[in-house]
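The values are calculated or read from the model by the stated rules, or taken from the named source; none is laboratory data. Please read all numbers here as calculations on a predicted model, not as lab measurements. For neighbour counting, all protein chains shown are included, and Cβ atoms are generated from backbone atoms with ideal geometry for every residue, glycine included.
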Amino acid sequence: MSRPPLFYHVPAQTEPAKCKYCPALIYWVLTPKKKHMPVDCHAGEGCLPPTSERPGSGIAHWGTCPNAAQARKPSTNATT
């Protein structure tokens with residue numbers, strides 16, 4: 001059983017950027033923990049790109065990016 005996607009709010013007037021690991025358009029948002037996260041507003045049902053007048057919604061881009069593994073930071077947990 002898979003979980004439904006978690007949608008993130010993208011404020012109105014947020015400018016798109018291009019993912020540097022794939023050709024997708026993404027929108028940078030702040031998570032509730034104040035971390036920057038790329039959001040995909042073109043991933044399908046429930047996703048809506050923002051405009052100058054209304055906000056949008058989308059899902060975390062790392063879930064849709066075919067090259068997400070390249071973007072992950074190396075783990076800092078050392079096992080001895």
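Sort out which residues of segment 21-39 are in contact with a Phe, Trp or Tyr (Cβ under 8 Å, 6 or more places away or on another chain), surrounded by 10 or more Cβ atoms within 10 Å (Cβ to Cβ) and modelled with pLDDT of 90 or more, and write them in order of number. If you could, list the steps in order and put the result at the bottom.
The initial filter retains those residues of segment 21-39 that are in contact with a Phe, Trp or Tyr (Cβ under 8 Å, 6 or more places away or on another chain), namely 29, 31, 36-39.
Imposing the further condition that a residue be surrounded by 10 or more Cβ atoms within 10 Å (Cβ to Cβ) reduces the set to 29, 31, 37-39.
Hits for segment 21-39 are V29, M37, P38, V39.
Any residue in segment 8-35 that is on the phi > 0 side of the Ramachandran plot sitting within a Cβ distance under 8 Å of a residue that is part of a strand (DSSP E or B) and hydrophobic (A, V, I, L, M, F, W, C)? List the pairs, counting only those 6 or more apart or interchain.
If the second residue must be part of a strand (DSSP E or B) and hydrophobic (A, V, I, L, M, F, W, C), no pairs are left.
Would it be correct to say that S57 is among the hydroxyl-bearing types (S, T, Y) and exposed (fewer than 14 other Cβ atoms within 10 Å of the Cβ)?
Here the answer is no, as S57 does not meet what is asked.
Give me a count of the residues in segment 68-80 that are at pLDDT 65 or above and exposed (fewer than 11 other Cβ atoms within 10 Å of the Cβ).
8
Go through (1) exposed (fewer than 14 other Cβ atoms within 10 Å of the Cβ); (2) modelled with pLDDT of 95 or more; (3) more than 12 Å from the chain's Cα centre (by Cα) and name the single condition K18 misses.
Result: K18 fails condition (3) only.
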